[in-house]
1. Taking the condition of a type in the set (Lys, Arg), more than 16 Å from SER270 (Cβ to Cβ), part of a helix (DSSP H, G or I) and modelled with pLDDT of 95 or more, does LYS308 pass?
2. What pairs can you find where one residue is in segment 317-345 and in contact (Cβ under 8 Å) with a residue 60 or more places away in the chain, the other is surrounded by fewer than 21 Cβ atoms within 10 Å (Cβ to Cβ) and among the aromatic types (Phe, Trp, Tyr), and their Cβ atoms are less than 8 Å apart, with a gap of 6+ or different chains?
3. For residues that are touching a strand residue (DSSP E or B) at 6+ places or on another chain (Cβ under 6 Å), of a type in the set (Gly, Ala, Ser) and in a loop (DSSP other than H, G, I, E, B), scanning just segment 483-533, find the one that is surrounded by the fewest Cβ atoms within 10 Å (Cβ to Cβ).
4. So which residues in segment 534-571 are in a strand (DSSP E or B) and either among the hydroxyl-bearing types (Ser, Thr, Tyr) or more than 24 Å from THR437 (Cβ to Cβ) (or both)?
5. Give the residues of segment 254-299 that are closer than 30 Å to SER428 by Cβ, in a strand (DSSP E or B) and not aliphatic (A, V, I, L, M), sorted by residue number.
6. Quick one: how many residues across segment 442-473 are open to solvent by less than 60 Å² (accessible area, probe 1.4 Å) and either in a loop (DSSP other than H, G, I, E, B) or of a type in the set (Asp, Glu) (or both)?
7. Which residue, of ALA416, ALA386, ALA438, ALA371, is outside any loop (DSSP other than H, G, I, E, B) and either in contact (Cβ under 8 Å) with a residue 60 or more places away in the chain or surrounded by 14 or more Cβ atoms within 10 Å (Cβ to Cβ) (or both)?
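The values are calculated or read from the model by the stated rules, or taken from the named source; none is laboratory data. Note that the structure is a prediction, hence the values are computed from the model and not measured. Here the Cβ is made from the backbone with ideal geometry for all residues, glycine too, and neighbour counts use every protein chain on show. Quick note on the areas: whole protein, heavy atoms, side chains included, nothing else; ligands and nucleic acids left out. Shrake-Rupley method; radii C 1.70, N 1.55, O 1.52, S 1.80 Å.
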Amino acid sequence: MLVLFLAYLGGVLTILSPCILPVLPFVFARADRPFARNGLPMLIGMTVTFALVATLAAVGGGWAIRANQYGRVVAMVVLALLGLTLLSSHLAEWLARPFVALGNRLSRHSEERDSPLSAVGLGVATGLLWAPCAGPILGLLLTGAALNGASVQTTLLLLTYAAGAATSLALALIIGGKVFSVMKRSLGAGEWVRRVLGVLVLAGVAAIAMGLDTGLLTRVSLASTGGIEQRLVNAVRPPPAPQPAPKAGEPLPVEGPMPSLDGATQWLNSAPLTAQSLRGKVVLVDFWTYSCINCIRALPYVRGWAEKYKDHGLVVIGVHSPEFAFEKDPGNVRAAVAQFQLGYPVALDNDYAIWKAFSNEYWPAHYFIDAKGQIRHHHFGEGDYAQSEDVIRQLLTEAGYKDLPGGHVTPHATGAEAAGSGDYSRSSETYVGYARTAGFVGKIAHGESWDYKAPATLQSETWALDGRWTVNEEQAQLDQAGGRILYRFRGRDLHLVLGPGDDGKPVRFRVRIDGKAPGEDHGSDIDAQGQGTVTKQQLYQLIRQAHGSGERLFEIQFLDPGVKAYAFTFG
C-alpha cells in the first residue's frame, strides 16, 4: 500500500516537471468542453496507455520499444491533424476528405458530435507520446518492473503513477476550462482561443518529433522534484534493520523451508542442484553480482568458508542475480568467477527466479540453511563475518559433523576485495544512467547525444559530465573522445563500473585527483600517473587514498570514444 501511495505522489509531482510541457496542449485542446465527456475520458485513455506501454518497455525488450516507436509516429500524425483542425475549419474539411469520420471527431467546431470515444482516442495518442522525466520514484517503479517481469502488480504501480499525473492534470484542466469559458463569454475570443490551442498542439507535436521532450526540457527544469521524490523513497523503503546476533548456546530459529533453486538459466562449476539433493548438507546461499563492490568485498570470506568447510558438510552456492544488463552475459560471469577464483557452484539467475523464490532484495545476501533444508539465519550486506562463520559451525555441529577446523577465516584481501574503510560519512552509491541517478549537476538529456559542460566547481556529493555523451536509462556512453566525468566525493576508495563500447575496443583513460596525478592514492586498476584502460565490463578501482578518506575532486578523462559508465561506489 505504501508503494502504491508513493507511486501516486510521484505521478502528481510530474506537473512540476518540464517533461510534461509538450503534452499540455493536447490535454487543453478540449478544455472548454464538458469535463465529464472530454477531459475525463481523455485522461483515462492517457493513463491506461502509458501504464501498458511502460510495462511493455520495461519487460518486453527491443520489440516492445520498436512497437512503441511506430505507435508514437501514428499518434503524432493524429495529433497534428487535431492541431490543424483547430487552426482552420476550412483546412480541416480539406484534410479530412479521405478520413471524414476521423475529421468530424477531431474537428473543434463539430460540437454537436462531441463524443467521449474521440476523447479516449486523443488520450491514447497522448499516452503514447508522454515521456515523463524519470525521477527517483519512476526509476524505482521501472527497475521493479524489469526485475519482477510482467504482472498485475507491475501494471498497477505504473497505472497508479499515471493516475497521479492525471489527477494534477485534471485539476489544471478544470480550472483552465473555466478560464476559457469566461474568455469566450466576456471577450468573444472563442475563435482566437481555438487557434492558439491549434498552434500549441502543433508546437507540442514538433517538440516531441525533435526529441525535446526527452532532451532539452529535461535540462531546463521549472521545478526540480528529484529531492522531494528521493526523500519519499527513503521514507517508504528504509534500509533493512540489522538482524539480532545469535546468542551463544541458544538454538537458531527456523525462518522457513529452503526455497527452490529451479529457474537458474545456467550453472557454473556444477551440475544443477536442487533443495532436495542438498538435504543432509549445511548450505550457504550467497546472492551476489560481479560488479557490486559490497559483494566483491564479501567474496574472500565466502570463498574462505567454502574451502575451509567443504570436507565437513558445507555447500556454498553463489546465486548470481545481475543488476546491469551486461551481467547477464554468461561469458562475463564465467570470467568473473575465474577472476575471483570461485570454485563452488554458481547459479546464473538471469530471470531472478531464485531471487524471487527467496523474496530477496539485497546484494550481497547470505542465507544459512541446515541439514533438514530449513533457513536458520540470514545476513544482508557486508560485515559480521565472525558471527556468520559461528552460524555455519553451529549448523554443522547440529548436523553431526565433528572435528571442525578451528578459528575464523581472516583473508588477506587486496585491491577491490579489501575491506572498506568503515567511514560511514563516505559518498553513497551513485548511478550514472538517468533512471536512478542522483547528485548530477544540471539536467540530463534522456537517450539523446548531448554536449555537456561541467561547472567550474562542484559541491560535495555532486558530479557532472563534460563532452558529448548519450545518457541512457542504465548507463552513459561517450560519443566523442576527450569526454570527462567529475565527482566531488568523500571516501577512501572510489570505484566506477565501466565497459568498452559496442565494438569491444579498449578505451584508454586518465585519472586526476584534485587536478593532479593520483600518485600513492591510485587504485589497483590504474598506475601512479592515473593511466588505465577499460578492456571489459567490470568494476574498476580508481582511487584508494593512502592517508584518510577526506573529500577530494575526482576526474576521469577518456582518450577514446565508446566507453560506457554505469555506477560509482565508495569505500
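1. Working: of a type in the set (Lys, Arg): yes; more than 16 Å from SER270 (Cβ to Cβ): yes; part of a helix (DSSP H, G or I): yes; modelled with pLDDT of 95 or more: yes.
The answer is yes for LYS308.
2. From segment 317-345, the pairs are ASN332/PHE326; PRO345/TRP267.
3. So the residue we want is ALA528.
4. Kept after step one, since they are in a strand (DSSP E or B), are these residues of segment 534-571: 534, 538-544, 551-558, 564-570.
Residues satisfying the conditions are TYR540, ARG544, TYR566, THR569.
5. So in segment 254-299, the residues closer than 30 Å to SER428 by Cβ come out as 255, 284-299.
Subset that is in a strand (DSSP E or B): 284-288.
Selection gives ASP286, PHE287, TRP288.
6. Going through segment 442-473, the residues open to solvent by less than 60 Å² (accessible area, probe 1.4 Å) turn out to be 442-447, 449, 452, 454-455, 458, 460, 462-467, 469-472.
After this cut, where a residue has to be either in a loop (DSSP other than H, G, I, E, B) or of a type in the set (Asp, Glu) (or both) as well, the list is 442-445, 447, 454-455, 458, 460, 466, 472.
So the answer is 11.
7. Working: ALA386 fails: either in contact (Cβ under 8 Å) with a residue 60 or more places away in the chain or surrounded by 14 or more Cβ atoms within 10 Å (Cβ to Cβ) (or both); ALA438 fails: outside any loop (DSSP other than H, G, I, E, B); ALA371 fails: outside any loop (DSSP other than H, G, I, E, B).
Going through ALA416, ALA386, ALA438, ALA371 in turn, just one is outside any loop (DSSP other than H, G, I, E, B) and either in contact (Cβ under 8 Å) with a residue 60 or more places away in the chain or surrounded by 14 or more Cβ atoms within 10 Å (Cβ to Cβ) (or both): ALA416.
Residues are listed down the side, and each one gets a yes or a no for (1) closer than 30 Å to LEU342 by Cβ; (2) modelled with pLDDT of 95 or more; (3) open to solvent by 50 Å² or more (accessible area, probe 1.4 Å):
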{"position": "GLY227", "(1), (2), (3)": "no, no, no"}
{"position": "GLN230", "(1), (2), (3)": "no, no, yes"}
{"position": "VAL254", "(1), (2), (3)": "yes, no, yes"}
{"position": "LEU273", "(1), (2), (3)": "yes, yes, no"}
{"position": "GLN276", "(1), (2), (3)": "yes, no, yes"}
